[in-house]
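Have a look at the structure below, then the notes.
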Amino acid sequence: MANVRSLLLGLARARGPSLFGIGNGTHLRSSSLALTSILSRSHLCDELLVRVRCISSTGVASHMVLEMPALSPTMNQGNIAKWRKKEGDKIDVGDVLCEIETDKATLEFETLEEGFLAKILAPEGSKDVLVGQPIAITVEDLDEIKNLPADIPKGVEAKQDKSIQDLTHDVKHEGRSEKPNFSRISPSARLLISEYGLEPSSLKASGPRGTLLKGDVLAAIMSGGGPPGISESSQEKISGSTHTSQPTSHTPPQSATPLLDKDTHEDLPNTQIRKVIAKRLLESKQSTPHLYLSTDVILDPLLAFRNELKEQHNLKVSVNDIVIKAVALALRNVPEANAYWNNEKGEPSLCDSVDISIAVATDKGLMTPIIRNADQKTLSAISLEVKELAENARAGKLKPNEFQGGTFSISNLGMFPVDHFCAIINPPQACILAVGRGNKVVEPVVGSDGIEKPGVVTRMSLKLSADHRVFDGQLGGKFLSSLASNFSDIRRLLL
């Protein structure tokens, strides 16, 4: 693999100027990262898209501009959480340059080329850095750092702002001399301006560093800010996309609460993870018909079994570990419940494996790491895996394969004074089980002599939220019945 990578790097560097030459003595080389990423990161080729531009010109040290990568399929911007390397540091293939907070988790950005970190363009703590925006400059030799011009960051930004100049040029040709109120523009926003013939000077940017976003243009169109030629049907056509666009500061929703005095409230910054959680939960409630089913189970056999494992086998497992195992076996016994709604086919699709997502609260938001093939694992294996995944989730070190996927979710608030609650389905899954705390109650208990007597038992509430397109009442009842039997005969979990 190293020989193949070296060959590709050599070809990219040797043929770059002849294949990608541009005017004014400047040459654009083919990025070796784009060539080697498929080889060195084949398991992430669907999620990892890194764009790197190599720049060299006469009299200027050759250098490479690293851009903000797309580390997940839904990522369009990210935050620089931490720089692992400092300006002037040596970097080798596989070194972690920085930690990037995406819409899913905090991931490491590794380099696939050797060199030196010459300039950091996006400092630590930078927020909402758009994918494709330059974040750093590297050089091949240490001596080349001092040969970089002091205004090289401005030159990089000037290339990024070329679309703004082109747009202004188009406006002047149309007889409009007003200067746009934004310094950058996204490709989708530029396309909408051209398609609907909008006046750029009337648009306000809400993106980072004065970037005009798609949502800004859509908001202007929906508010009637476009020319009279825009028909109502055109506005209806784009109305659906505004639901997923970023809200702008100049177009508050009609149902918004009255604005508060700035001295009476404080704006809390939202992480990328919480933004995605808010969006997905809203979409789930709006597009997924929720069916709610509930039951109570007696927790005493589980607690006795847990104490027995601890005392006789020195095996410490939590109540949640046992719940995961019980749910996994119930899904194996009722395979119709281990399914999801297939939008393309318009019908439920059964899942091949039982992969349980567990909700873990972190400082940045709720994460759902996955216990894969949970029905085939022992309680001790599940317990160890849960502890490791929860620790990585709280540290922001989960890998994409550790939280993407899953066939069934469990949200347990039993450690809090929460008796029962209803959870929201996590698409594309069709089910989530809400687990409350155990409460001691007095109820009739049949003694060994067959006579009912008052007794104290520990009851735990289970509430199932299911996609009604996949679950009907009969299937939901069948699954909860199988789950309850696992709690009544807890030793079935050892089979």
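The values are calculated or read from the model by the stated rules, or taken from the named source; none is laboratory data. Only a predicted model underlies this, so the values are computations on that prediction, with no experimental measurement involved. Using ideal geometry, Cβ is built from the backbone for each residue, glycine included, and neighbour counts are taken over all protein chains shown. To get the accessible areas, we keep the full protein, side chains included, count just its heavy atoms, and leave off ligands, DNA and RNA. Shrake-Rupley method; radii C 1.70, N 1.55, O 1.52, S 1.80 Å.
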Exercise for review: Of all residues in the range 275-292, count the ones that are within 23 Å of Asn76 (Cα to Cα), touching an Asp or Glu at 6+ places or on another chain (Cβ under 6 Å) and polar (S, T, N, Q).
Suggested key: 0
Exercise for review: Would you check which residues across the range 59-77 are assigned to a strand (DSSP E or B) and either crowded, with 18+ Cβ neighbours inside 10 Å or out of contact with any Ser or Thr (no Cβ under 6 Å at 6 or more places or on another chain) (or both) and list them?
Suggested key: Val60, Ala61, His63, Met64, Val65, Leu66, Glu67, Ala70, Gln77
**Study point:** Criterion: closer than 18 Å to Ile425 by Cα, open to solvent by less than 70 Å² (accessible area, probe 1.4 Å) and of a type outside the set (A, V, I, L, M, F, W, C) - qualifying residue of Thr368, Thr362
**Key:** Thr368
Check your understanding: Can you tell me which of Gly447, Gly436 is in contact with a Lys or Arg (Cβ under 9 Å, 6 or more places away or on another chain) and either under 25 Å from Val360 (Cβ atoms) or among the hydrophobic types (A, V, I, L, M, F, W, C) (or both)?
Key -> Gly436
Practice item. Just need a number here: residues in the range 363-381 that are at negative phi, in contact (Cβ under 8 Å) with a residue 60 or more places away in the chain and in a strand (DSSP E or B). Key: 2
Exercise for review: Determine whether the range 211-228 contains at least one residue that is at pLDDT 65 or above, of a type in the set (Ser, Thr, Tyr), touching a helix residue (DSSP H, G or I) at 6+ places or on another chain (Cβ under 8 Å) and within 30 Å of Thr106 (Cα to Cα).
Suggested key: no
Revision key, fill the gap. Flagged in the range 346-362 as of a type in the set (Asp, Glu) and part of a strand (DSSP E or B), in numbering order, are Glu347
**Study point:** Pair list, Cβ under 6 Å, 6 or more apart: the range 78-95 residue in contact (Cβ under 8 Å) with a residue 60 or more places away in the chain and open to solvent by less than 70 Å² (accessible area, probe 1.4 Å), other residue assigned to a loop (DSSP other than H, G, I, E, B) and β-branched (Val, Ile, Thr)
**Key:** Gly78/Thr102
Review point. Considering only helices (runs of 4 or more DSSP H) fully contained in the range 119-202, which possess at least 1 residues that are closer than 26 Å to Asp92 by Cβ, in contact with a strand residue (DSSP E or B) (Cβ under 8 Å, 6 or more places away or on another chain) and modelled with pLDDT of 55 or more?
Key: 152-160
Study note, to complete from the structure: Within the range 470-495, residues being open to solvent by less than 70 Å² (accessible area, probe 1.4 Å), under 27 Å from Pro427 (Cβ atoms) and hydroxyl-bearing (Ser, Thr, Tyr) number 1
Check your understanding: How about the range 96-109: which of its residues are assigned to a strand (DSSP E or B) and either surrounded by fewer than 18 Cβ atoms within 10 Å (Cβ to Cβ) or touching a Ser or Thr at 6+ places or on another chain (Cβ under 9 Å) (or both)?
Key -> Val96, Leu97, Glu99, Ile100, Glu101, Leu107, Glu108
Study note, to complete from the structure: Considering residues that are touching a residue at least 40 places away in the same chain (Cβ under 8 Å) and under 21 Å from Ser318 (Cα atoms), the number found within the range 424-463 is 10
**Study point:** Evaluation of Phe471 against (1) out of contact with any Pro (no Cβ under 6 Å at 6 or more places or on another chain); (2) under 30 Å from Glu108 (Cα atoms); (3) not in a strand (DSSP E or B) (one fails), failing number
**Key:** (2)
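Conditions (1) hydroxyl-bearing (Ser, Thr, Tyr); (2) crowded, with 16+ Cβ neighbours inside 10 Å; (3) at positive phi; (4) in a strand (DSSP E or B), marked per residue:
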residue	(1), (2), (3), (4)
Ser383	yes, yes, no, no
Val386	no, yes, no, no
Glu391	no, no, no, no
Ile410	no, yes, no, yes
Gly414	no, yes, no, no
Ile424	no, yes, no, no
Val435	no, yes, no, yes
Gly438	no, yes, no, yes
Val445	no, no, no, yes
Check your understanding: From the residues in the range 294-313 that are touching a residue at least 40 places away in the same chain (Cβ under 8 Å) and among the polar types (S, T, N, Q), which one is least open to solvent (accessible area, probe 1.4 Å)?
Key -> Thr295
Point to revise | Residue under evaluation Glu347, criteria (1) open to solvent by 40 Å² or more (accessible area, probe 1.4 Å); (2) over 30 Å from Asp128 (Cβ atoms); (3) within 29 Å of the chain's Cα centre (by Cα); (4) touching a residue at least 60 places away in the same chain (Cβ under 8 Å), criterion not met | key: (4)
Review point. Residues in the range 314-336: is at least one at negative phi, aliphatic (A, V, I, L, M) and either surrounded by fewer than 16 Cβ atoms within 10 Å (Cβ to Cβ) or assigned to a strand (DSSP E or B) (or both)?
Key: yes
